[in-house]
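Colleague: Handing you a structure now.
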Amino acid sequence: MTEKEYKALIDKALDGYFKAHEELPQGGLAQAMRYSLLAGGKRIRPMLVLEFCRVSGGDVDAALPVACALEMLHTYSLIHDDLPCMDNDELRRGRPTNHVVYGECTATLAGDALQAEAFGTILRSGLPADRRAACAEILAGAVGLDGMCGGQYLDMLGEGKKLTARELDEINSRKTGALLTAACQMGVAAAGGNEKMLEAAGMFGAGLGMAFQIRDDMLDVLSTEEELGKPIGSDAQECKNTYMALYGQEECARMVNKLTDYAKSALNGVFADTGFLCGLADSLALRKK
């Protein structure tokens with residue numbers, strides 16, 4: 001499949017979730033969940049789940065609930081990141097953020113519910129029980145203390161301080177990289193792939209995740225609000241620790257290229273068909289939004 005075909009498949013599947021709940025007493029919460037879940041985006045993480053499942057010999061259609069679950073989890077993180085107690089952002093993907101539309105309490109609950117439903121979606125899928133368990137375990141590890149939430153906490157602690165490159169890597173490998181790595185490994189797990197495949201997928205995800213974050217930091221300086229669909233320059237205004245502040249544009253561009261090459265090389269000799277994954281890595285390294 002192409003990126004466009006994968007995205008269409010994922011968007012159609014996501015549209016089926018929580019729609020019936022809108023008619024129930026808790027329908028307002030379902031609406032808030034769907035507002036952010038269906039707000040668009042690149043769908044990179046679910047796309048990685050499906051493609052790694054395919055190249056590991058699995059059934060893409062069977063893995064679709066796992067891919068949707070990961071996007072639910074990612075959406076929860078975005079809703080919470082935007083909250084007044086966190087980044088206090090009012091624009092996401094070109095639209096008002098969840099708490100601006102539905103209020104802070106409902107937005108918080110929408111994120112909470114999406115996290116719970118992510119695991120429920122995996123565990124209710126038609127995959128064999130051992131594969132469901134493996135996918136859920138990978139996701140839990142990527143989100144909890146050692147993953148995204150731990151990274152967010154370290155990021156919060158680092159506010160107002162000048163961090164070293166090692167400290168910045170520690171934050172971003174968890175805050176951004178962990179979920180991208182999980183996406184790759186969950187695809188392998190959904191297919192019942194072997195340990196060698198899981199290891200290679202993890203290396204690809206780690207390299208891709210770090211390159212993605214550095215490019216993100218670059219775009220906050222170099223892009224426009226219209227292109228990104230969210231405010232730019234906020235990192236500098238809030239004196240945040242970023243790779244652009246630490247290294248500058250030229251070195252950041254070099255690092256993105258090096259990490260992208262590392263990610264692609266991790267696939268060699270493990271997966272027979274790497275064209276889509278290598279092409280995706282290259283396009284993310286040059287993305288404008």
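The values are calculated or read from the model by the stated rules, or taken from the named source; none is laboratory data. What you see is a predicted model, and the numbers here were worked out from it, not measured in a lab. Cβ atoms come from the backbone with ideal geometry, glycine included; neighbour counts cover every protein chain shown. Accessible surface areas use protein heavy atoms only, side chains included; no ligands, DNA or RNA. Shrake-Rupley method; radii C 1.70, N 1.55, O 1.52, S 1.80 Å.
Colleague: Determine how large the accessible area of M1 is when every protein chain is in place; take a 1.4 Å probe and give Å² rounded to the nearest 10.
Modeller: M1 has an accessible surface of roughly 110 Å² with all protein chains in place.
Colleague: Treat each spin label as a single point 7 Å out from the Cα along the C-beta direction, and report the N194 to Y153 distance in nm.
Modeller: Each label point is offset 7 Å from its Cα along the Cβ direction, giving 3.8 nm.
Colleague: Let me ask something else. Mind giving me the nanometre distance, one decimal, between the label points for E23 and R287, set 7 Å out from Cα along Cα→Cβ?
Modeller: For E23 paired with R287, the spin-label model returns 3.7 nm.
Colleague: Which net charge results for the neighbourhood of V60, defined as the other residues with beta-carbon distances under 9 angstrom from its beta-carbon, given Lys and Arg at +1 and Asp and Glu at -1?
Modeller: With Lys, Arg at +1 and Asp, Glu at -1, the net is -2.
Colleague: On to the next question. To the nearest 500 deg cm²/dmol, what mean residue ellipticity at 222 nm is calculated for the chain from DSSP H runs of n ≥ 4 alone, each contributing -39,500 (n - 2.57), summed and divided by the residues?
Modeller: Helix-only estimate at 222 nm: -21500 deg cm²/dmol.
Colleague: Of the accessible area of segment 1-97, with the probe set at 1.4 angstrom, what percent is carbon plus sulfur?
Modeller: Result for segment 1-97: 52 percent of the exposed heavy-atom area is carbon or sulfur.
Colleague: What accessible surface, in Å², does a 1.4 Å probe find on R132, ignoring ligands, DNA and RNA and rounding to the nearest 10?
Modeller: In the full protein context, R132 sits at about 60 Å².
Colleague: Taking each full run of DSSP H in the chain as one helix, which ones are at least 18 Å long along their axis (Cα atoms) and have mean Kyte-Doolittle hydropathy of at least -1.0?
Modeller: Those that clear 18 Å and a mean of -1.0 are 60-82, 104-123, 129-143, 178-191, 195-222, 249-265.
Colleague: Taking a 1.4 Å probe, which of M197, M72, M156 shows the most accessible area, and what order do the others take after it?
Modeller: Ranked list, largest accessible area first: M156, M197, M72.
Colleague: Need one number: nm distance between label points at R254 and R95, each 7 Å from Cα along Cα→Cβ, rounded to one decimal.
Modeller: 4.2
Colleague: Could you tell me which trypsin sites (Lys or Arg not before Pro) in segment 1-35 are loop residues by DSSP with no more than 15 other beta carbons within 10 angstrom of their beta carbon?
Modeller: K19
Colleague: Could you state the accessible area per residue of segment 148-223 in Å², with a 1.4 Å probe and every protein chain left in place? Working shown, then result.
Modeller: Values: 3040 Å² over 76 residues.
Value returned for segment 148-223: 40 Å² of accessible area per residue.
Colleague: If you split all Cα-Cα distances of segment 49-112 into 10 Å bins from zero, what percentages do you get per bin, shortest first?
Modeller: Percent of pairs per bin, in order: 22, 37, 20, 18, 2.
Colleague: A further question follows. Ranked by accessible surface with a 1.4 Å probe, highest first, in what order do T260, T106 come?
Modeller: T106, T260
Colleague: What accessible area, in Å² to the nearest ten, does a 1.4 Å probe give for S125?
Modeller: 10
Colleague: Just to confirm, what accessible area per residue do you get for segment 58-128 at 1.4 Å probe, in whole Å²?
Modeller: Numbers: 2800 Å² over 71 residues.
I get 39 Å² per residue for segment 58-128.
Colleague: Fully extended, how many nm does the chain gain between A39 and D273 (0.36 nm per residue separation, minus their Cα-Cα distance)?
Modeller: 81.1 nm
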